[in-house]
Every structure is written in C-alpha cells, then in structure tokens.
Amino acid sequence: MKKTLNNIIYNGIYQLLILALPIITVPYVARVLGARALGSYSFITSISMFLSFVILMGMNQLGSRIIAQSHKDKGELGSNFVQLWKIQFLVGCLVILAYTFFAMFSEYKTYLLLNIPYLIGFAIDISWVFIGLGEVRKVVVRNTLIKICSVAMIFIFVKKPSDLGYYVLINSLSIFFANIIFWLNLKGIITKVSFKGFFSKSIFLKEAMILVIPQLAVQFYTNFDSTLVGWIAGPVQLTYYDQSQRIARMLVTLITSVSTILMPRMVQLRMNHANNEKVDQLLKTSLDYTLLVAQLFTMLLMVNASEFVPWFYGKSYTPMTNNMLWVGLIMIFISYGEVFGSQFSLVNGDYKQYAIPAIVGAVISVILNVICVNIWGADGGTAVIILTEFIVCSMRIYMVRKEADLRYLVHEQLRYVLAFLMTVLAVLNFKIVLPSLFLTMVVNSIIVTIVYVLLLVLLRTRINRDIVRLVKKVTR
C-alpha cells in the first residue's frame with residue numbers, strides 16, 4: 001500500500017507540473033500565434049491525437065493490467081510484453097503510412113508531416129509497462145525533463161504566427177524523445193525477452209481490438225469533435241471551442257490520474273477474492289474524493305471564467321468566456337464516470353460494459369455537433385460535449401448496477417452535490433470584483449474553497465470523519 005501511495009504522490013506531482021507548464025506557455029502562444037493559427041494547430045493535433053489512440057490499441061488499460069497480473073513471473077512478464085507491444089508497433093506502422101498518404105493531399109500538408117514524430121512516439125510508447133509494475137517514478141522523471149526542454153524551445157523559436165511550424169515540430173519531437181527514454185529504463189525491469197515470431201498473431205489481439213473500440217469512440221467526442229468544429233465553423237471558432245476545454249481537460253487528467261495508478265493495485269486485489277471488501281472500500285474512497293475534487297475545480301473555473309479568459313489568453317479571446325464558464329461541468333462527469341470505467345469495468349475485464357457508453361457517446365456527439373455547430377458555432381459544440389459527457393457518465397453507472405453495490409458507493413454523495421450547488425449559487429450571486437483580474441480570481445477562489453469545505457463539514461460528510469482520523473494518527 002505504501003508503494004501505491006508513493007506512486008499516487010509521484011504522479012500527482014507530475015500532473016501538477018503538466019498543469020503548471022501550460023500556464024507559462026499557453027498565454028504566450030495564444031498572443032504570439034493568434035486565434036487563427038492556434039485554431040489551425042488544434043485542427044492538426046485533433047487528427048494526430050485521434051490516431052494516437054488507434055496506435056496504442058488500449059495498451060494503457062490492457063497492457064498495464066496484463067503486466068500487473070504477470071509481474072511475479074519474469075518469463076511470463078517478458079513474453080507478455082512482446083505479445084502486447086508488437087500489436088501497438090505494427091498498428092503504428094500502418095497508421096503512420098496511411099497518415100503520410102493523407103497528409104500529402106491536405107492543405108495543411110507541411111504541418112501534418114511535421115507531426116509524424118508525434119505518431120512514431122506513440123508507436124514506441126511503453127509507459128504502460130512501468131504503470132503496470134508500479135514504477136511510476138521513472139515515468140515522472142523522464143517526462144519532467146522533456147517537458148521543461150520543450151517549454152524552453154517554444155520561447156526560443158516561436159515568435160510570430162508564421163512560426164506555427166516550429167510550434168508543431170517542438171511538441172511533436174517532445175513526445176518522440178520522451179518515449180525513446182522509456183526503452184533506456186526497460187533494462188533490468190524486463191529481462192527475459194524474445195522477439196522470435198514477432199510478426200505472428202498476438203495472443204492479446206482480440207482483447208486489444210475489443211478494448212480499442214470504446215477508446216476510439218471516446219476520441220470521437222473528445223478529439224474528433226474538434227476536427228468537426230474546425231471543418232464546419234472554421235479555425236477561430238475552433239480556437240474558442242478547443243481552448244475553453246484545455247484547462248478543464250488538464251484538470252481532468254490530474255483528477256483521473258489516481259485511477260491510472262490504482263488500476264494495477266485493484267487488479268492484484270481482485271485476483272485475491274478474500275480482498276473484495278478492501279476493494280470496495282478503496283473504490284468508495286476513490287469515488288468520493290474524485291467527486292469532491294472535481295466539484296471544487298469546476299466551481300473555481302465557473303466563478304473565475306470572466307476574469308480568467310482575458311487575463312490568461314488576452315482580451316481578443318473574450319468571446320469564449322461562456323464556453324469556459326460551462327465547460328467545467330465535464331470535469332465532474334468525466335472523472336466520476338472514469339472511476340466506474342477504469343477501476344471497476346476494466347479491472348474486472350468487462351470490456352463490453354466499458355465500450356457501450358463510449359460508442360453511444362460517439363454517435364450522439366457526431367450527430368449533434370453537425371446540427372448545433374452549424375447553428376451556434378463554438379457555443380453549440382460546448383453544449384454538445386457537456387451533454388455527451390453526462391450521458392456517458394450516467395451509462396457507466398447504469399452498466400455496473402448489477403455487479404457494484406451502488407447504494408454503498410454513492411452513500412452521502414447527494415450531500416456533496418448539495419454543497420456544490422449551494423456554493424456556486426452563493427459565490428456567483430455575491431462575487432467580489434477588484435481592480436486587478438488576478439486578485440479577483442485569488443480572492444474568489446479562496447472564498448469558494450472555504451464555503452465549500454464548511455458546507456461539507458456542516459452537512460456531516462466523510463470529511464468530518466477523515467479529518468478526525470488524520471488528527472488521531474498525527475497525535476499518536
């Protein structure tokens with residue numbers, strides 16, 4: 001359990017770094033490149049990000065789970081690693097060839113070709129091995145160094161809208177080099193590896209294909225939706241739609257990172273049926289604090305949206321304030337649903353339960369985006385993504401209703417939601433406005449946090465019990 005806690009701390013530190021670096025780069029890039037060039041970048045990366053999930057073939061879930069199950073047998077571990085990675089590598093080769101052919105006939109030809117190292121990086125990405133073995137520290141250290149270098153390169157080479165190519169290439173190469181370093185750390189972790197019969201059919205191919213379907217479905221309403229908005233409404237509206245989600249999705253990554261770390265631990269506990277009660281307790285704790293933290297981040301984004309947009313992006317981006325105000329809701333729906341998806345359905349190997357909500361969400365997203373973006377532009381796209389994530393989250397809960405003790409898992413959570421609604425209504429109606437945009441955000445953020453925590457205490461939630469338990473441990 002100590003190792004699991006250390007992994008959560010290491011991953012939390014890294015996720016905070018991921019949040020901190022864009023706070024430095026995005027305001028600079030938004031002002032230097034402008035809304036149109038930034039929209040073009042969003043369009044290019046939406047295609048690459050979608051294809052990266054095709055290349056990964058669900059390895060972040062399947063790979064880490066299989067590695068976690070076979071970590072005690074060195075021979076089985078090495079064999080499973082080869083069987084898993086060859087799927088990813090061969091699919092990656094096919095995808096990159098098809099992508100290159102497509103790029104040659106696109107109006108964004110130069111930028112798309114500059115993004116090829118990004119796709120190669122995912123073809124050689126074996127981070128799932130380290131996650132499955134609980135070696136998160138290695139992942140954190142290598143990513144930290146690469147991220148810092150890429151930030152420095154952006155400030156050196158990106159100076160004007162015509163430098164978009166440099167911006168694309170820097171971000172593309174950062175993924176490529178980061179994933180090469182993984183292979184340098186592999187020695188000593190997986191020792192018995194044989195690539196004999198590498199081009200034969202993998203024993204995990206069927207599972208990977210089943211798992212990648214929902215992964216791609218999710219991408220239809222989290223990345224391909226940006227492609228649709230760009231095609232329909234143009235690069236400027238795409239910027240408003242895409243950038244308003246950036247902060248929310250970065251925060252979601254921080255919240256859901258706990259699910260990634262807990263998955264190998266949950267797999268090992270599930271293999272020992274005597275630990276079912278412990279699994280339920282761990283799942284309950286994860287679900288409660290995921291909801292509590294997601295609600296807090298959502299409130300902070302909603303309360304500060306009107307100040308945050310001009311302060312962070314610049315006054316020219318003010319039209320996307322409404323998008324920023326409402327899109328924060330997806331943090332609650334995504335992170336809450338992800339607990340049921342990753343820590344329950346995937347851990348139990350119930351790929352069908354995991355796939356159906358994602359597929360339904362993809363269909364809804366594509367249909368509604370075509371209609372709503374045509375009428376309302378970026379605002380229509382934002383409304384669609386909020387509705388889609390709500391439906392997917394609701395379906396994830398519904399799909400596990402027979403296997404999970406939902407009454408136990410959601411116990412007290414109506415009180416959390418009540419605290420959330422009361423805090424939002426109170427602070428939005430009595431918001432403090434100061435001459436400085438930054439000070440306005442700081443003061444209102446402090447007020448939101450204090451009011452929210454006080455309401456949770458007054459409503460007698462688990463916060464009370466956990467604080468008492470923590471105090472007792474410290475004072476022993």
Measure off, as a whole percent, the carbon and sulfur share of the 1.4 Å-probe accessible area of the range 60-100, all protein chains present. 62
Can you list the aspartates and glutamates whose alpha carbon is less than 15 Å from that of residue 86, not counting same-chain residues fewer than 8 positions off? 125, 207
Just how much of residue 280 is accessible, in Å², when a 1.4 Å probe is used and the result is rounded to the nearest 10? 60
Take the Cα coordinates of the range 371-427, assign each an equal point scatterer, and use the Debye formula without solvent to give log10 I(q)/I(0) at q = 0.16, 0.26 Å⁻¹. -0.77, -0.98
Distance between modelled label sites at residue 100 and residue 367, nm, 7 Å Cα→Cβ extension: 4.0
If you take the charge dipole of the range 323-476 about its Cα centre, with +1 on Lys and Arg Cβ and -1 on Asp and Glu Cβ, which of 344, 437, 356 is farthest toward its positive end? 344
Using a cut-off of 19 Å between alpha-carbon atoms, which aspartates and glutamates can reach residue 315, once sequence neighbours fewer than 8 places away in the same chain are excluded? 242, 307, 379
Do you know the Lys pair count in the range 92-160 for C-alpha distances under 23 Å, with sequence separation 8 or more or different chains? 5
Can you compute the FRET efficiency between residue 446 and residue 155 using 1/(1 + (r/R0)^6), with r the Cβ-Cβ distance and R0 = 35 Å? Round to the nearest 0.05. 0.65
Short to long, in 10 Å steps from zero, the percent of alpha-carbon pairs of the range 322-449 per bin is 11, 31, 29, 23, 6, 0
If you stretched the chain out fully between residue 189 and residue 375, how much longer would it get, using 0.36 nm times the residue separation minus the C-alpha to C-alpha distance? 61.5 nm
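The values are calculated or read from the model by the stated rules, or taken from the named source; none is laboratory data. Everything numeric here is computed off the predicted structure, so don't read it as measured data. Every residue, glycine as well, gets a Cβ built from its backbone with ideal geometry; the counts of neighbours run over all protein chains shown. The protein model used for the area step is the full one, side chains on, heavy atoms only, and it has no ligands, DNA or RNA in it. Shrake-Rupley method; radii C 1.70, N 1.55, O 1.52, S 1.80 Å.
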